[in-house]
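So the structure is just underneath, and the comments pick up after that.
The values are calculated or read from the model by the stated rules, or taken from the named source; none is laboratory data. The structure presented is a predicted model; accordingly, all values stated were derived computationally and were not measured. Here the Cβ positions follow ideal geometry from the backbone for every residue, glycine too, while neighbour counts run over all protein chains shown.
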Amino acid sequence: MRSLIDILDFSVEELDKIIETAIDISKKPEKYSAVCRDKILATLFFEPSTRTRLSFEAAMLRLGGKVLGFSDAGSSSAAKGESVADTAKTVSCYADIIAMRHPQEGAPYVASRAATIPVINAGDGGHNHPTQTLADLLTIKKETGRLHDLTVGLCGDLKYGRTVHSLISALSRYEGINIVLISPKELGIPDYVKADVLDKCEMNYRETECLEEALPSLDVLYMTRIQRERFSDPEEYERLKDSYILTLDKLDGAKKELCIMHPLPRVNEISVKVDDDPRACYFKQAKNGMYMRMALILKLLGYMGEVGDDATPETFESDELRCQNPKCITVTEQEIVHAFKKCDDGSVRCIYCENKVE
Ligand code: NCD
């Protein structure tokens, strides 16, 4: 069985096939409109969402399937203290595939180990968001014509912005990618992304605090909002919330064919006046997300040939070691096996949230 927890769970060839299928779906929707007629998608959303949940639901409905689920933890048995693993086992009795969003990092991975049906990570805390990356890859491919030889600027909250973490991982596998990380120092990219992806894959990257300085070199500008809900100190959020605001006059220095992206929701980091600029691609990106989720459902339910099995990474269990990341699922749930992996840089990391364990 196959789940999608991390974008690297799929090979480049598999991603290419998903992109190809999504493009075909967008051109010939009627060909796919009844493929999943006897299938049910469960959307288990323990955290608010508009785009991701509705786009999963639209994806399944447009494939002729049905959808059930909940959109906040308060209306699920989590409010009674049920574990993520038990919820996943129970929902496996009712549905054919699960899309799960959870505030604790690693929760969808825990679900995938317990479920008997495929689990899709629809965002776990500040960690990963692989299906947003599917939307991002299709958008870059359609707008620039390629997924290689690109200078990509990632701007805003690179610390808590999970979409950026998954996108960097995905881009690490293409040739000629230059990454420009644009953020205040306090919201820089987490160490594990630097060590495990940027440094390990010898990616070309640089860091700057200045959007205007970076803009002229970019083929893609990926804006993100400052993630208020992940700050432990509200004053720090107030201080940093207006760090970047993209306006039309700033775009004067940018390339004519720049592709401006944003996973949405937007707060104020892109002026609405930019929406009419032909370089603004963020609403097209939302539509691309639905087509990619349709293709992903087809892939995981076996409609695109051999599904394959989940990878089984080398891990070890420990009664003494504990993950210290307060946002890790192992911190809020007692019954999870504490398991770790040894990384190439010599560090030991939690298998659920990937944080370094001292
Ligand atoms: C993103 C998310 O949930 O991480 N939104 C989305 O899925 N489209 C970005 C965000 O919330 O800022």
Handout entry: Residue that is farthest from the ligand (Cβ to nearest atom), among those in region 253-265 that are surrounded by 17 or more Cβ atoms within 10 Å (Cβ to Cβ) and in a loop (DSSP other than H, G, I, E, B)
Key = Ala254
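Let's see how each residue does on (1) under 19 Å from Asp6 (Cβ atoms); (2) in contact (Cβ under 8 Å) with a residue 40 or more places away in the chain; (3) out of contact with any Cys (no Cβ under 8 Å at 6 or more places or on another chain):
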position	(1), (2), (3)
Glu202	no, no, yes
Tyr205	no, no, yes
Leu221	no, yes, no
Ile226	no, yes, yes
Exercise for the section: Report yes if some residue within region 113-120 is buried (at least 24 other Cβ atoms within 10 Å of the Cβ), in the same structural domain as Glu20 (by TED's automatic domain parsing) and part of a strand (DSSP E or B); otherwise report no. Expected result: yes
Problem - region 196-221 - residue that is away from the ligand (no atom under 16 Å from the Cβ) and under 19 Å from the mean Cα position of the chain (by Cα) and, of those, surrounded by the most Cβ atoms within 10 Å (Cβ to Cβ) - result: Val220
Exercise for the section: Name the residue, out of Glu82, Glu47, that is farther than 15 Å from Gly289 by Cβ, without any contact (Cβ under 8 Å) to a residue 60 or more places away in the chain and assigned to a loop (DSSP other than H, G, I, E, B). Expected result: Glu82
Handout entry: In region 313-333, residue farthest from Pro103 (Cα to Cα) [restricted to those that are free of Cβ contacts under 8 Å to residues at least 40 places away in the same chain and within 21 Å of the chain's Cα centre (by Cα)]
Key = Pro313
Exercise for the section: Kindly establish whether Thr144 is at pLDDT 95 or above and closer than 21 Å to Ser11 by Cα. Expected result: no
Exercise for the section: Read through the list (1) within 16 Å of the ligand (Cβ to nearest atom); (2) surrounded by 17 or more Cβ atoms within 10 Å (Cβ to Cβ), then give the number of the only condition that Ala88 fails. Expected result: (1)
Practice task
Might you check whether a residue that is surrounded by fewer than 23 Cβ atoms within 10 Å (Cβ to Cβ) and away from the ligand (no atom under 16 Å from the Cβ) occurs anywhere in region 126-133?
Solution key: no
Problem - Hits in region 148-181 (condition: among the β-branched types (Val, Ile, Thr) and within 16 Å of the ligand (Cβ to nearest atom)) - result: Thr163, Val164, Ile168
Handout entry: Scan of region 268-290 for residues that are more than 16 Å from the ligand (Cβ to nearest atom), assigned to a loop (DSSP other than H, G, I, E, B) and touching a helix residue (DSSP H, G or I) at 6+ places or on another chain (Cβ under 8 Å), ordered by number
Key = Asp277, Arg279
Exercise for the section: Among the candidates Val91, Val110, single out the residue that is of a type in the set (A, V, I, L, M), under 21 Å from His165 (Cβ atoms) and part of a helix (DSSP H, G or I). Expected result: Val110
Problem - Every residue from region 291-342 that is farther than 30 Å from Pro29 by Cβ and outside any loop (DSSP other than H, G, I, E, B) - result: Phe316, Glu317, Cys328, Ile329, Thr330, Val331, Thr332, Ala339, Phe340, Lys341, Lys342
